[in-house]
Amino acid sequence: KDQLVVISPNSELVASARKFQKEFSKAFGGTADIKMATFYSSNPGAGPTTEIDKLSLLTDGSNKVALDGADVIIVDDLVDSAGTVCKLADRLKASGASHVYVCASHGIFSNDGMRKIDQSKIDKVVLTNTLPLPDDPSDKVVQISIGPMLADVILAEHYRQQNYDDDDISEQVRAEDF
């Protein structure tokens, strides 16, 4: 049976990864059993660590998520030097993951980040086009335009068809806008 696991690379991104997991499940009609896990430091009181081998994998509801044959999506806010996601991909593949994908909002690719992605065990990196890619991008990197989303936001604001709660806007202001 195909298994999909959404991974947060650290405790700060658990909420984002959980939201991604829920929205991804909705895309499959809510019938997909998508697992969730996060890497965390097992050393209490320790600050952020870049020593990936010292991180433990925490899962939802059990001590272990079976990664054997699973497709894994690492949800991150940005890919800078790509060191963390590449090392996580190595660990996940060594634990039996079939494919490792990275989904991030922004791609900086400082230093040799793009080369690291190209030579890594990551299958695909999906980013928004909020930042330009380096001159020689990896075939593993795909950018998605934020243009349609920005257009929706502009139209919603212009026509005041927003989906958020606007109870704090007075009736007089609403009447003046339309």
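How many nm separate the modelled label positions at SER145 and THR130, each set 7 Å beyond the Cα in the direction of the Cβ?
Each label point is offset 7 Å from its Cα along the Cβ direction, giving 1.9 nm.
Over the Cα atoms of segment 63-148, Rg to Rh with Kirkwood Rh, two decimal places?
0.99
Give me the accessible area of SER98, 1.4 Å probe, in Å² rounded to the nearest 10.
My reading of the accessible area for SER98 is about 50 Å².
Separation of segment 89-129 and segment 5-33 by C-alpha centroid, Å?
First find each Cα centre; the distance between them is then 18 Å.
Using 7 Å Cα-to-Cβ label points, what is the ASP152/PHE28 separation (nm, one decimal)?
Between ASP152 and PHE28, the label points sit 2.2 nm apart.
How would segment 123-162 be classified by its alpha-carbon gyration tensor: rounded, prolate or oblate, with rounded meaning a/c under 1.5 and the a/b versus b/c comparison settling the rest?
Prolate, since a/c reaches 1.5 and a/b exceeds b/c.
The values are calculated or read from the model by the stated rules, or taken from the named source; none is laboratory data. Everything numeric in this text was worked out from a predicted model, so none of it was measured. Note: ideal-geometry Cβ built from the backbone for every residue, glycine included; neighbour counts use all protein chains shown. These accessible areas exclude ligands, DNA and RNA; they are computed on the full protein's heavy atoms, side chains included. Shrake-Rupley method; radii C 1.70, N 1.55, O 1.52, S 1.80 Å.
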